[in-house]
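Participant: Submitted below is the structure of interest, expressed as structure tokens.
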Amino acid sequence: MDKKQYIKVMDFVRSYKYGIRAIYIAGRAITYLTAVIYLLTITMLVYKKDMRFIRVIAVPAAGFILLSVFRAKYNAIRPYEKYNFKPLFPKDTHGKSFPSRHVFSIFACAGAISFIYPFTGTFIYIMGVLLAIIRVIAGIHFPKDVIAGALTGILCSIAGFANL
């Protein structure tokens, strides 16, 4: 997306009385709901003495660490930096935009959950797509950032859970 497209989308959201608030709350709700479901999945596995809990924790965590190191070194600028506009949500982070860690995390968690509870994992993947859209609409990420985050999360899960 270019500056004109970002401004057009953000102006559309701003044109509604509670547009920014709705987008912000939806993004937070998706993030927190995913975290709760992920932690409940781990809790259930531990309770059942299912040793897969180790992999459910380790795979997304290892991917998150590797992604964070790459992202810090690559240090891609964010749309609001490149185009000099105010994003929909308060954000003062500079760089570290590619790939999106929020989107990576939700897709990595969805992958981990999918291998234990496929229906629930599918629900999380759908929420991940919505979160990716929100992050772009808000002017926090470029589409390539969220696509790369999603694909990396999926690949991390495939690699980590392939032989279960």
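The values are calculated or read from the model by the stated rules, or taken from the named source; none is laboratory data. If you're wondering where the values come from, they're calculated on a predicted model, not measured in any experiment. Glycine also receives a Cβ, built like all others from the backbone with ideal geometry; neighbour counts cover every protein chain displayed. Side chains included, ligands, DNA and RNA excluded: accessible areas come from the protein's heavy atoms. Shrake-Rupley method; radii C 1.70, N 1.55, O 1.52, S 1.80 Å.
Participant: Determine the dipole magnitude for the range 2-65: charges of +1 sit on the beta-carbon of Lys and Arg, -1 on that of Asp and Glu, nothing else is charged, the reference point is the Cα centre, and the result goes in debye to the nearest 20.
Facilitator: Numbers: 11 positive and 3 negative charges, 26 e Å.
That gives the range 2-65 a dipole magnitude of about 120 debye.
Participant: Using the heavy atoms of the protein chains and a 1.4 angstrom probe, tell me the accessible area per residue for the chain in square angstrom.
Facilitator: Accessible area per residue: 57 Å².
Participant: Here is a follow-up. Using the Cα atoms of the range 102-164 to build a convex hull, what is its mean projected area in square nanometres?
Facilitator: That works out to 3.6 nm².
Participant: Let me ask something else about it. Tell me, what % of the accessible area of the range 3-143 is carbon and sulfur with a 1.4 angstrom probe?
Facilitator: Carbon with sulfur: 70 percent of the solvent-accessible area.
Participant: Grab the eigenvalues of the alpha-carbon gyration tensor for the range 61-137, scale each by 5, take roots, and send me the semi-axes largest first in whole angstrom.
Facilitator: On the way: eigenvalues 139, 53, 9 Å².
Calculated on Cα positions only, the semi-axes equal 26, 16, 7 Å.
Participant: Okay, helix-only estimate at 222 nm for the chain: each DSSP H run of n ≥ 4 adds -39500 (n - 2.57), divide by all residues, round to 500 deg cm²/dmol; what do you get?
Facilitator: -25000 deg cm²/dmol
Participant: Okay, moving on. For the pairs Lys3/Lys96; Lys8/Lys73; Lys17/Lys82; Lys17/Lys144; Lys17/Lys96, flag any whose C-alpha to C-alpha distance is greater than 26 Å. Before the final figure, lay out the partial values.
Facilitator: Details: Lys3/Lys96 19 Å; Lys8/Lys73 32 Å; Lys17/Lys82 28 Å; Lys17/Lys144 30 Å; Lys17/Lys96 31 Å.
Distance filter (> 26 Å) returns Lys8/Lys73; Lys17/Lys82; Lys17/Lys144; Lys17/Lys96.
Participant: What are the ³J(HN,Hα) values, in whole Hz, obtained from phi via the Karplus relation 6.51 cos²θ - 1.76 cosθ + 1.60 with θ = phi - 60°, for each residue of the range 104-118 in sequence order, with x given for Gly and Pro?
Facilitator: 3, 4, 5, 6, 5, 5, 4, x, 5, 5, 4, 6, 9, 10, x
Participant: Take the range 1-54, compute every pairwise Cα distance, and split them into 10 Å bins from 0; I just need the percent in each bin.
Facilitator: 22, 25, 21, 15, 15, 1
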